[in-house]
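The values are calculated or read from the model by the stated rules, or taken from the named source; none is laboratory data. Please read all numbers here as calculations on a predicted model, not as lab measurements. We place every Cβ from the backbone using ideal geometry, glycine too, and count neighbours over all the protein chains shown. Accessible surface is based on the protein model in full, side chains and every heavy atom, while ligands, DNA and RNA are left aside. Shrake-Rupley method; radii C 1.70, N 1.55, O 1.52, S 1.80 Å.
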Amino acid sequence: MDATNILPILKKRLAFLSGGKDRRSGLILTIPLCTEQTSMEELSSTLDYLLGIPSDKCKARGFTVIVDGRKSQWNIVKTVVLMLQNVIPAEVSLVCVVKPDEFWDKKVTHFCFWKEKDRLGFEVFEKFTKESSSLLDELVVINDSEKSSQLDKERPPDCNFLPSLDPETVLQTGHELLSELQQRRFNGAEGGGVAWSPMDDELLAQPQVMKLLDSLREQYTKYQEVCRQRSKRSQLEDIQTKVMQVVNWLEGPGTEQLRTQWGIGDSIRASQALQQKHEEIESQHSEWFAVYVELNQQIAALLSAGDEEDLVELKGLQQQLSDVCYRQASQLESRQNVLQSAHEFHGTAQDLSQQLDGLLGMLCADVAPADGAAIQQTLKHLEEKLKSVDGALVGLREKGQVLMDQMSNQTSWSYGKDVPIDNKDNVDHIQGVMEDMQLRKQRCEDMVDVRRLKMLQMVQLFKCEEDASQAVEWLGELLDALLKTHIRLGDDSQETKVLLEKHKKFVDVAQSTYDYGRQLLQATVVLCQSLRCSTRSSGDTLPRLNRVWKQFTVTTEERVHRLEMACCFHTAAEKVLVQASPDQGDLPVEVEQETYEEVETVGKALLDRLTVPVIFPDGSEQYFGSPGDMASSAEHIRDKMKLVEDRKLTLHEEDEEDEDIEQLPYQQLQYEQIHDQVEELHNDEELQDDQELHDEELQDVDNELQDGEELELENETDT
């Protein structure tokens, strides 16, 4: 079947496969009936389509059909069921009809899957007449008997007297018979225009069937009321019996079970055992509480019916049952809370005890950390442990107080009376546990204080050793800097003196570093004695410190000697250069020969010293700076020595020129005298003959004077 052909019908959802399965793995087919009239033809088409979807294997398991008739009339439900009998009897394994609860109190019916070949027939009419007449007689007897019992209340009703036939079935048969008769008559009237005349039996059957149906409905309605009254009385008596059973058990054995279970245990395992025992008690109570819930629902249903004569009794039963159950449930909850608090208390006490044991183990173990960082980490871990213990102890006190408060509010209920509970042993146990934990925690705190002091001293010890090693490294760095960077000797005496001052400050820094290292090593010895740590000592730190200091001392002495020699050299050289220089504005001062000798002697000694390495006490050698640095310093000294030597030679040449210059005034005087004589001769007429001789002599004198002036000019230029 194509779904597009019946798509409007399928959209009405007259039936559907939900996808669920029953216990036999058969598919579940649901038919939700509504308040509106359901078309049997559309429903049949929907069922044909849905039954064509599953495979043959699924169909072989059978279908479970759920007919939801809560919103439909009963005759429609029965029609649907009958249709299922005719359409899919082989595929249907189970049919479930859903109706409201009140419906089943009034209806007694059953279904059988059967097919009739002849839906009418005379044997059918006779069967209905016979069954309906017999059923009417039985219903009249039952109704009259119930009426008599109500008038005579001392006479118990005969509740075992029931009709032999199902009234619903007989009524259904009658309705079907009447419907068939009416349908035949209707079909005959419309059949092809042929006049139809019913038989006499059929004419008489229809009113007889209608009369029997009316009588059956009347008596069946009365019978339903009788059944309702019987059911109510039976239900009320059953409720009374069950209420007394619940009350008697809860106030008797149930209360006795709780009264004997008031301990809290002395450990977490004991509290767990008590909790397990309490769970067993709760399990027993749960069964009775389930009965209470069921009874309360039944009583509520009866109260909603509104029968005045039963209201007072039902309310009394309900109140009595509720009071006992709520009181017992309250005691169970209180006991459960106490056991839960006891379990938490013992659990916290156990955890705290384990923490204290772990802390004590740490405190009793020997402390042998590798360095200060390890000590700090251990100390931090110790502080965290102690903080955790403090928090656990606070939590233990809080849980203990909560547990004692809960126990102080406990009371037992025995047969309607409050019975006080003696919890003195439990309270003493709780207080004893808390006091014991407090004492253990106090002892651990005292040991932690001692351990903390010891570890802080060890931190100081490691710090002193570390700082002492650092002082050795610093001193080594100062020595390395002295040898590699302190190589300048100065370009003049002033710069050399500045270098000497800087060197003294440098030595002071090194001296402070050495003294600091010595003090740290002394503190290390004191701390080792305080800690009784005979296995630890300063090790090789002190020898290394002394070795580096001796090397530094030797090196700084060599540096001082070289600077002092450089200062003497520059001072002597500057004395020569300054005193012999004409740039000062005064006449040059004569330099003593000793000064020249001092410059030469000190310069050569300084050059020799620059080539000599520093020899340490252990025999090792080390040079100042690189060979290039020493060559540069030596070159500077040689240049200055050469400059002094040049100055010495220049001064010697100037002395010789001065002697020549001293003879010039005498020659000038001689020239003037000769010139006067020449003039006299010139005036003298007698000397005219000697004129040529005089001119020649005068020319020679002029030449000599010019040569003297040129020599003096050259000397001044050289100077």
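Points worth noting:
- Between GLN245 and ASP629, full extension at 0.36 nm per residue minus the direct alpha carbon distance yields a gain of 126.5 nm.
- Summarised as an ellipsoid, the stretch 430-507 has semi-axes of 63, 11, 7 Å, derived from the eigenvalues of the Cα gyration tensor scaled by 5 and square-rooted, with the largest first.
- For the stretch 625-630, the Karplus equation 6.51 cos²θ - 1.76 cosθ + 1.60, evaluated at θ = phi - 60°, returns couplings of x, 9, x, x, 4, 5 Hz by residue, with Gly and Pro reported as x.
- Remark on LEU29: its backbone amide H falls under 5 Å from those of THR64, VAL65, ILE66, a criterion applied only to residues 5 or more positions apart or on other chains, H modelled at 1.01 Å from N.
- Gyration tensor (Cα) of the stretch 457-557, equivalent ellipsoid semi-axes in angstrom: 35, 11, 9
- Per-residue HN-Hα couplings for the stretch 132-144 [Karplus 6.51, -1.76, 1.60; θ = phi - 60°; Hz; x = Gly/Pro]: 5, 5, 5, 5, 4, 4, 5, 5, 5, 4, 5, 5, 5
- Computed Rg/Rh of the stretch 500-577, alpha carbon atoms with Kirkwood Rh: 1.29
- Volume of the Cα convex hull of the stretch 13-73, divided per residue and given in Å³: 83
- Distance between the modelled labels on THR35 and GLN319, one decimal in nanometres: 4.0 nm (7 Å Cα→Cβ projection).
- Rg and Dmax, both from the Cα atoms of the stretch 289-352 and both in Å, are 19.5, 66.
- Straight-distance candidates among the lysines for linking to LYS648, with alpha-carbon spacing under 30 Å and chain neighbours fewer than 8 residues away dropped: LYS497, LYS575, LYS604, LYS640.
- Heavy-atom accessible area, probed at 1.4 angstrom with all protein chains present, ranks ARG70, ARG397, ARG440 as ARG70, ARG397, ARG440, highest first.
- In straight-distance terms, cross-link reach from LYS130 covers every one of the lysines whose alpha-carbon lies under 20 Å from its own, apart from those fewer than eight places away in the same chain; here that gives LYS211.
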